[in-house]
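Structure first, then comments.
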Amino acid sequence: MSISAKNDFRQKNQKNNSRQERFIDLSIYLLIIIVALFIYGYRFPSSNNLVEVPPVFTLLDSELYQKDFFVLESLKKTPRYYYQYLIYFLSQTGFGVARTYFLCYLLSFASFILGLYWLGQKVGRSKLSGSALVFLGLFTVDGTVGYVSLFRNEPIPAIFAMGLAIWGIYFCFDKRWNLGYFLFGLAALLQFLIGILPGILIFPWLAIEAKKAKSIWKAISPLLILVILALIIYLPMVLSGNLGGDAIDNREFIEIYGYLRHPHHIIPFVFSS
């Protein structure tokens, strides 16, 4: 056998081995995701879905909830406008509402696990640190900052957005700022705060890196991407007059939001009892 033939044979073996390794890795990832989902559980409909699903049903059937004030107001330009239409369009393809929610949750769950795993590997430089971060993110972290969990077993906008935001964080750690902030922007289309807050928290680090590189554009371009995607949410609300900023004063807003509706979302932190 000639030298060139031996080299060709060796290259083919390397390619086959590489394909086998990728297949084995993919199989392991799928097995971990399936087992983790069975352990973690899935809950639909949850109490949160009770206020999110009716607007989707109305989009599918305009005869429903015609006299329901909340549903009709929810169908206007709001921060959940794109989320509602995502579920609506997928439901129209034949999946149905329940299966659409499960599909979106499954994709978000898989994305969150893989994002945590690769982020842990990136920071800790080992597979063990990646596995540990997945375990902490799913089973032990209660999210005491703001009294909000990192992930839940219910298909809600925040969970769908988290599947994107975790990769935004990963790409920021990988110094691919534009891609990271683009993913933050996509997450904001599904749940505004899940996309915007990571971008704000990471920006000081981005500014330091831009200063080191002596390039102000390095800091401006990712932020510009996030702002543009945020404006896709905000501008339609402004143009449709759906902000309602002059409808109630600050005292009424605090009473409704802070005391009646979402007091648990504005708690700075909560220590476990």
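Every number in this text was worked out from the coordinates using simple rules, so none of it is lab data. This one's a predicted model, so the numbers in the text were calculated from it and none came from an experiment. Note that each Cβ is placed from the backbone with ideal geometry, even for glycine, and that neighbours are counted across all protein chains shown.
The label-point distance for Leu103 and Leu179, in a model that sets each label 7 Å from Cα toward Cβ, rounds to 2.6 nm.
Run the simple label-point estimate for Ile200 and Ile228 please: 7 Å along Cα→C-beta, distance reported in nm. It is 2.3 nm. Dipole of the stretch 31-241 computed with +1 at Lys/Arg Cβ and -1 at Asp/Glu Cβ about the Cα centre; of Gln121, Leu64, Leu201, farthest Cα towards the positive end is Gln121. Projected label points at Asp249 and Leu128, each 7 Å from Cα along the beta carbon direction, are separated by 6.1 nanometres. In this structure, the residue pairs whose Cα-Cα separation is over 27 Å, taken from Lys77/Lys122; Lys122/Lys214; Lys122/Lys218, are Lys77/Lys122. Exposure proxy shown here: for Tyr181, Tyr259, Tyr170, the number of other Cβ atoms within 10 Å sets the order, fewest to most, as Tyr259, Tyr170, Tyr181.
Count Lys and Arg as plus one, Asp and Glu as minus one, and take only other residues whose Cβ is under 14 Å from that of Tyr40; the net charge is then +1.
For Ile32 and Leu72, the FRET efficiency from 1/(1 + (r/R0)^6), where r spans their Cβ atoms and R0 equals 45 Å, is about 0.55.
In debye, nearest 20: dipole of the stretch 31-241 around its Cα centre with unit charges on the Cβ of K, R (+) and D, E (-)?
That gives the stretch 31-241 a dipole magnitude of about 900 debye.
With R₀ fixed at 51 Å, the C-beta to C-beta distance from Leu60 to Lys211 puts the FRET efficiency at about 0.50.
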